[in-house]
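A.B. asks: This structure is in structure tokens; I'll ask about it shortly.
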Amino acid sequence: MEKSIREGLIERNLWLVRLRWVAVIGVVLTVLFVSQVFKLSLSTLALYTIALILGLYNLIFFILLGRIKNKKSPDISFTANRIANLQISLDLASLAFLIHFSGGIENPFIFYFIFHMIIASILLSRRASFLQATYAVLLFSSLVTLEYFGILPHYSLKGFIMHNQHNNPFYITGVSFVFITTLYIAVYMATSISAKLREREKSLKQANELLSEKDRIKSEYVLRVSHDIKEHLSAIQGCLEPVAGGITGELNSKQRDLIQRANERAERLVLFVRALLEITHLKLSRQIEMHYFSLQKTIENAINLVDQGAKDKGIFISCNIEPNIGMIKGAEIYIEETIANLLANAVKYTTGNGEINLKASDRGNSVLIEIADTGIGIPQDELPKIFEEFYRASNAKGLEKYGTGLGLSIAKQVVERHTGKIWAESQEGKGSAFYIILPKEQEKDAPQSDKN
Ligand code: ADP
């Protein structure tokens, strides 16, 4: 079963558990308030006992659901449905007992049964919701009938305006009619809305799957075309090199200049095609290989890759890595490339004599890497777009004419494949800071090996 569906079913059950904690507190406070402030005579002991029972079985459900959540059984939809049914049935019985000990039909809280009907309509099938409504009606009618015939004692709400109505047939008939019809109408309305929402959810899911499939086809197409272009480019470079090197005969300065320009363009195109191939590969690969590696070493390797370029521009790189940062689990090569990419950008978009600061800190289950520069910055309105494929900010184009606009998209793909987060903060003209959060461990069932 899909992980998201599994989680959805358990989460809905847990939602009910959370609501029940609130209900337990609500019952205790209401009893306290009504008995102490309104001075109504209530069977407080019985009511508190029911609240305690509510709390106890809620705890049991909480533990049970936690266990199911961690267990890797393939199909839990049946169990989850049964638990939801059981939870609602027990809640209806508890409410019936609460009502019985606090005035029976005189108690206006009888309409709280409607909440349970709405909850049932959200969690259960239409049929199961109507069955729960019928069960609620049976509980209510049994209570009213048994109290009417004196088989069950009537705990009158003395001091409340409607006390001793439990043996008034007109009152009982009127309230029962309104109560029962309200329950069924509520279930009808809520299940209709739920069914529509479920349908919409289903069609959204289908649309999403279709989009992913289209995206995959597009990526495969890009991959094929890029491969072809790369091959032809290599062939063109192979022809240009001997000519530029004079192997095919002396060139005059005009010819040399033209050949050189053609060579440069071919090199740029190779870089672009490589980046395109890389991001497409990443998108198409279902799993990437992950293992433990030293983050400190990886960061140092990445700095080495850009160090010379920074020195040439008079840019100073400082590095501050928390000593206890240790090992993290991930795709080492990709992480090194991502950090190197951000550092290379910092060098590229910082004019002479600037500074780049790299910091890596331990955050318990994750690490935070920060790369800040004193460069040209990013215009505020363009900041949200810089992680989009091929996007280049307007001020960057002025400083660096050529660029793929793919580096940050690749970085984003890599970080997200590690279930991490990447974002940027910047002030135009003052500098930029890029942040990456990487979990130290990947989730148990996260991708482990490269099958691409
Ligand atoms: P490229 O650098 O090839 O243009 P990237 O995907 O690496 O592509 O970056 C996208 C855009 O984000 C850049 O064109 C630039 O506008 C902006 N950018 C990235 N890093 C920085 C930085 N350190 N300082 C200023 N702008 C940056």
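A.B. asks: Quick check on this structure: which one of Phe140, Phe109, Phe78 is part of a helix (DSSP H, G or I) and buried (at least 21 other Cβ atoms within 10 Å of the Cβ)?
C.D. replies: Phe140
A.B. asks: Only one of Phe101, Phe170, Phe140, Phe97 is of a type outside the set (A, V, I, L, M), more than 17 Å from Ala46 (Cβ to Cβ) and in contact (Cβ under 8 Å) with a residue 40 or more places away in the chain. Can you tell me which?
C.D. replies: Values: Phe101 fails: more than 17 Å from Ala46 (Cβ to Cβ); Phe170 fails: in contact (Cβ under 8 Å) with a residue 40 or more places away in the chain; Phe97 fails: more than 17 Å from Ala46 (Cβ to Cβ).
Step by step, each of Phe101, Phe170, Phe140, Phe97 is checked, and only Phe140 is of a type outside the set (A, V, I, L, M), more than 17 Å from Ala46 (Cβ to Cβ) and in contact (Cβ under 8 Å) with a residue 40 or more places away in the chain.
A.B. asks: A further question on this structure: Gly375 fails exactly one of the following numbered conditions: (1) within 12 Å of the ligand (Cβ to nearest atom); (2) surrounded by fewer than 19 Cβ atoms within 10 Å (Cβ to Cβ). What is the number of that condition?
C.D. replies: Of (1) within 12 Å of the ligand (Cβ to nearest atom); (2) surrounded by fewer than 19 Cβ atoms within 10 Å (Cβ to Cβ), only one is false for Gly375: (2).
A.B. asks: Identify, please: which residue in segment 28-66 is in a helix (DSSP H, G or I) and of a type in the set (Phe, Trp, Tyr) and is, among those, surrounded by the most Cβ atoms within 10 Å (Cβ to Cβ)?
C.D. replies: Applying the filter and picking the extreme gives Phe61.
A.B. asks: Quick check on segment 81-89. Is at least one of its residues closer than 25 Å to Thr145 by Cβ and part of a helix (DSSP H, G or I)?
C.D. replies: yes
Okay, residues lined up against (1) among the small types (Gly, Ala, Ser); (2) modelled with pLDDT of 90 or more; (3) over 30 Å from Ala411 (Cβ atoms):
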residue	(1), (2), (3)
Asp257	no, yes, yes
Ala262	yes, yes, yes
Ala266	yes, yes, no
Val270	no, yes, no
Ile279	no, yes, no
Lys283	no, no, no
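A.B. asks: Given the criterion in contact (Cβ under 8 Å) with a residue 60 or more places away in the chain and either closer than 20 Å to Ile422 by Cα or among the small types (Gly, Ala, Ser) (or both), identify the matching residue among Glu337, Glu322, Glu332.
C.D. replies: Result of the check over Glu337, Glu322, Glu332: Glu337.
Conditions (1) part of a helix (DSSP H, G or I); (2) touching a helix residue (DSSP H, G or I) at 6+ places or on another chain (Cβ under 6 Å); (3) farther than 30 Å from Tyr391 by Cα, marked per residue:
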{"site": "Val225", "(1), (2), (3)": "yes, no, no"}
{"site": "Ser234", "(1), (2), (3)": "yes, no, no"}
{"site": "Gln237", "(1), (2), (3)": "yes, yes, no"}
{"site": "Glu241", "(1), (2), (3)": "yes, no, yes"}
{"site": "Lys254", "(1), (2), (3)": "yes, no, yes"}
{"site": "Arg265", "(1), (2), (3)": "yes, no, no"}
{"site": "Leu271", "(1), (2), (3)": "yes, no, no"}
{"site": "Ala275", "(1), (2), (3)": "yes, no, no"}
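A.B. asks: Looking at segment 393-405, is at least one residue touching a residue at least 40 places away in the same chain (Cβ under 8 Å) and under 24 Å from the mean Cα position of the chain (by Cα)?
C.D. replies: No; the residues of segment 393-405 include none that is touching a residue at least 40 places away in the same chain (Cβ under 8 Å) and under 24 Å from the mean Cα position of the chain (by Cα).
A.B. asks: What's the number of the only condition in (1) hydroxyl-bearing (Ser, Thr, Tyr); (2) assigned to a loop (DSSP other than H, G, I, E, B); (3) modelled with pLDDT of 95 or more that Ser73 fails to meet?
C.D. replies: Looking at each condition in turn, Ser73 falls short on (3).
A.B. asks: Does Ser203 count as closer than 22 Å to Leu282 by Cβ and under 26 Å from the mean Cα position of the chain (by Cα)?
C.D. replies: No; evaluated as a whole, the condition is false for this residue.
A.B. asks: Kindly check whether there is at least one residue in segment 305-320 that is surrounded by 12 or more Cβ atoms within 10 Å (Cβ to Cβ), out of contact with any Lys or Arg (no Cβ under 8 Å at 6 or more places or on another chain), farther than 20 Å from Gly375 by Cα and not basic (Lys, Arg).
C.D. replies: no
A.B. asks: Looking only at segment 378-411, how many residues end up being more than 8 Å from the ligand (Cβ to nearest atom), among the basic types (Lys, Arg) and touching a Ser or Thr at 6+ places or on another chain (Cβ under 9 Å)?
C.D. replies: So the count comes out to 0.
A.B. asks: Can you name the residue in segment 277-286 that is surrounded by 14 or more Cβ atoms within 10 Å (Cβ to Cβ) and either in a loop (DSSP other than H, G, I, E, B) or not hydrophobic (A, V, I, L, M, F, W, C) (or both) and is also nearest to the chain's Cα centre (by Cα) among such residues? Reasoning before the result, please.
C.D. replies: If we filter segment 277-286 for residues that are surrounded by 14 or more Cβ atoms within 10 Å (Cβ to Cβ), which is where we start, we get 277-285.
From the residues that got through so far, the ones that are either in a loop (DSSP other than H, G, I, E, B) or not hydrophobic (A, V, I, L, M, F, W, C) (or both) too are 278, 280-281, 283, 285.
Values: Glu278: 26, Thr280: 24, His281: 24, Lys283: 19, Ser285: 21 Å.
Here the residue is Lys283.
A.B. asks: State all residues of segment 152-177 that are assigned to a helix (DSSP H, G or I), out of contact with any Phe, Trp or Tyr (no Cβ under 7 Å at 6 or more places or on another chain) and either surrounded by 12 or more Cβ atoms within 10 Å (Cβ to Cβ) or among the small types (Gly, Ala, Ser) (or both); if no residue qualifies, say none.
C.D. replies: Of everything in segment 152-177, those that are assigned to a helix (DSSP H, G or I), out of contact with any Phe, Trp or Tyr (no Cβ under 7 Å at 6 or more places or on another chain) and either surrounded by 12 or more Cβ atoms within 10 Å (Cβ to Cβ) or among the small types (Gly, Ala, Ser) (or both) turn out to be Tyr171, Gly174, Val175, Ser176.
A.B. asks: Which numbered condition trips up Ser212, out of (1) under 29 Å from Ser125 (Cβ atoms); (2) at pLDDT below 90?
C.D. replies: Here Ser212 clears every test but (2).
The values are calculated or read from the model by the stated rules, or taken from the named source; none is laboratory data. Treat the numbers as computed from the prediction; the structure is a model and nothing was measured. Neighbour counts are summed over all protein chains in view; Cβ atoms, including those assigned to glycine, are modelled from backbone coordinates with ideal geometry.
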